[in-house]
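The values are calculated or read from the model by the stated rules, or taken from the named source; none is laboratory data. Because the structure is predicted, anything quoted here is derived from the model rather than measured. Note that each Cβ is placed from the backbone with ideal geometry, even for glycine, and that neighbours are counted across all protein chains shown. Protein only, heavy atoms only, side chains kept; ligands, DNA and RNA dropped before computing areas. Shrake-Rupley method; radii C 1.70, N 1.55, O 1.52, S 1.80 Å.
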Amino acid sequence: MTQRIEVLFSEEVIAETVRTLAHAIAARQPKDLLVVAILKGSFMFAADLLRALHREGVVPGVEFMMLSSYGAATVSSGTVRIIRDIDTDVSGRAVLLVDDILESGRTLAFAKRLMTERGARSVEIAVLLDKTGKRQAPCEADHVGFVCPDKFVVGYGMDAAHQWRQLPFVGVVVDAADGGR
Ligand code: IMP
Ligand code: MG
């Protein structure tokens, strides 16, 4: 059985939405902004969002934090682990957490609490996709690209068992019994 990808959010639609998000973030005139991208899934979104923020005149610091609640499974394990921490002091700064998907909310609730405990002046959340109705932890995003249907999506940085991150769009994996035609 081969697999093909059905496009859910195209490159063009994503690009337009990223511009809109950057505009909204810039409108808040964040002072001493530190963008913290949550790896791995957010790398493509964060890269595009940062370039869009630059075009809006925003000059943020950029950091990366690798968190894991999934492993290779497609169902959250419930425990969030820090695989790689940031190496910047966040105290007094406006932190913008950037992630691919807000689903159970555990990952971002954990990251937000961590940044707050470390003394961030404010912590906002920007996600490309929001799987509403899937929340297990109280956590909402301040900036949402798209509301995502309750399907496992891949591409634009997101994977299924370490595959499909390179796709420039967001899609759904379809098992094709006909050889993918
Ligand atoms: P949660 O909000 O803690 O459940 O975790 C959200 C994280 O799980 C996201 O940052 C993604 O890395 C991952 N995730 C959730 N749903 C999907 C999906 O449909 N495809 C790929 N990764 C997903
Ligand atoms: Mg993620």
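For region 49-71, how many residues are closer than 19 Å to LEU114 by Cα, in contact with a helix residue (DSSP H, G or I) (Cβ under 7 Å, 6 or more places away or on another chain) and more than 16 Å from ligand 2 (Cβ to nearest atom)?
1
Kindly list, by first and then second residue, each pair from a residue in region 39-59 that is in contact (Cβ under 8 Å) with a residue 60 or more places away in the chain and within 16 Å of ligand 1 (Cβ to nearest atom) to a residue that is in a helix (DSSP H, G or I) and open to solvent by 10 Å² or more (accessible area, probe 1.4 Å), limited to pairs with Cβ atoms under 7 Å and residues at least 6 apart or on different chains.
If the second residue must be in a helix (DSSP H, G or I) and open to solvent by 10 Å² or more (accessible area, probe 1.4 Å), the pairs left are LEU49/LEU21.
Could you tell me whether region 99-111 includes any residue that is assigned to a loop (DSSP other than H, G, I, E, B), polar (S, T, N, Q), free of Cβ contacts under 8 Å to residues at least 60 places away in the same chain and within 16 Å of ligand 2 (Cβ to nearest atom)?
Scanning region 99-111 turns up at least one residue that is assigned to a loop (DSSP other than H, G, I, E, B), polar (S, T, N, Q), free of Cβ contacts under 8 Å to residues at least 60 places away in the same chain and within 16 Å of ligand 2 (Cβ to nearest atom).
Regarding region 32-48, can at least one residue be identified that is in contact with a helix residue (DSSP H, G or I) (Cβ under 6 Å, 6 or more places away or on another chain) and more than 24 Å from ARG106 (Cβ to Cβ)?
Scanning region 32-48 turns up at least one residue that is in contact with a helix residue (DSSP H, G or I) (Cβ under 6 Å, 6 or more places away or on another chain) and more than 24 Å from ARG106 (Cβ to Cβ).
Can you find, within region 141-171, the residue that is nearest to GLN3 (Cα to Cα) among those that are β-branched (Val, Ile, Thr) and open to solvent by 20 Å² or more (accessible area, probe 1.4 Å)? Before the answer, list the steps.
Just the residues of region 141-171 that are β-branched (Val, Ile, Thr), to begin with: 144, 147, 153-154, 170.
Now drop any that are not open to solvent by 20 Å² or more (accessible area, probe 1.4 Å), which leaves 144, 147.
Details: VAL144: 29, VAL147: 25 Å.
The residue in question is VAL147.
Do we have VAL36 as more than 20 Å from GLY155 (Cβ to Cβ) and outside any loop (DSSP other than H, G, I, E, B) here? Please lay out each step first, then the result.
Numbers: more than 20 Å from GLY155 (Cβ to Cβ): yes; outside any loop (DSSP other than H, G, I, E, B): yes.
For VAL36, the condition - more than 20 Å from GLY155 (Cβ to Cβ) and outside any loop (DSSP other than H, G, I, E, B) - is met.
For region 19-36, state whether one or more residues are among the aliphatic types (A, V, I, L, M), in contact with a strand residue (DSSP E or B) (Cβ under 7 Å, 6 or more places away or on another chain), within 16 Å of ligand 2 (Cβ to nearest atom) and touching a residue at least 60 places away in the same chain (Cβ under 8 Å).
Going through region 19-36, the residues among the aliphatic types (A, V, I, L, M) turn out to be 21-22, 24-27, 33-36.
Of the ones still in play, those that are also in contact with a strand residue (DSSP E or B) (Cβ under 7 Å, 6 or more places away or on another chain) are 21, 24-25, 33-36.
Subset that is within 16 Å of ligand 2 (Cβ to nearest atom): 35-36.
The next check asks that each one be touching a residue at least 60 places away in the same chain (Cβ under 8 Å); those that pass are 35-36.
Yes, region 19-36 contains at least one residue that is among the aliphatic types (A, V, I, L, M), in contact with a strand residue (DSSP E or B) (Cβ under 7 Å, 6 or more places away or on another chain), within 16 Å of ligand 2 (Cβ to nearest atom) and touching a residue at least 60 places away in the same chain (Cβ under 8 Å).
Taking the criterion of being buried (at least 22 other Cβ atoms within 10 Å of the Cβ), within 16 Å of the chain's Cα centre (by Cα), closer than 20 Å to PHE45 by Cα and not polar (S, T, N, Q), would at least one residue in region 75-95 satisfy it?
Yes, region 75-95 has at least one match.
Looking only at residues that are small (Gly, Ala, Ser) and buried (at least 17 other Cβ atoms within 10 Å of the Cβ) in region 28-55, which one is farthest from the chain's Cα centre (by Cα)? Can you show your working first?
Initially, region 28-55 is screened for residues small (Gly, Ala, Ser), giving 37, 41-42, 46-47, 52.
Those left that are additionally buried (at least 17 other Cβ atoms within 10 Å of the Cβ): 37, 41-42, 46, 52.
Details: ALA37: 7, GLY41: 6, SER42: 4, ALA46: 7, ALA52: 15 Å.
Per the criteria, the residue is ALA52.
Starting from region 1-16, take each residue that is closer than 14 Å to LEU167 by Cα and list its partners that are open to solvent by less than 60 Å² (accessible area, probe 1.4 Å) and polar (S, T, N, Q), counting only C-beta distances under 9 angstrom and pairs at least six apart or across chains.
Final answer for the pair search is PHE9/THR17.
Are any of the residues in region 11-27 of a type in the set (Val, Ile, Thr), within 16 Å of ligand 1 (Cβ to nearest atom) and open to solvent by less than 40 Å² (accessible area, probe 1.4 Å)?
yes
Evaluate the following for LEU128: is it at pLDDT 95 or above, within 14 Å of ligand 1 (Cβ to nearest atom) and crowded, with 19+ Cβ neighbours inside 10 Å? Lay out the reasoning, then the answer.
Working: at pLDDT 95 or above: yes; within 14 Å of ligand 1 (Cβ to nearest atom): yes; crowded, with 19+ Cβ neighbours inside 10 Å: yes.
Spelling it out, LEU128 is indeed at pLDDT 95 or above, within 14 Å of ligand 1 (Cβ to nearest atom) and crowded, with 19+ Cβ neighbours inside 10 Å.
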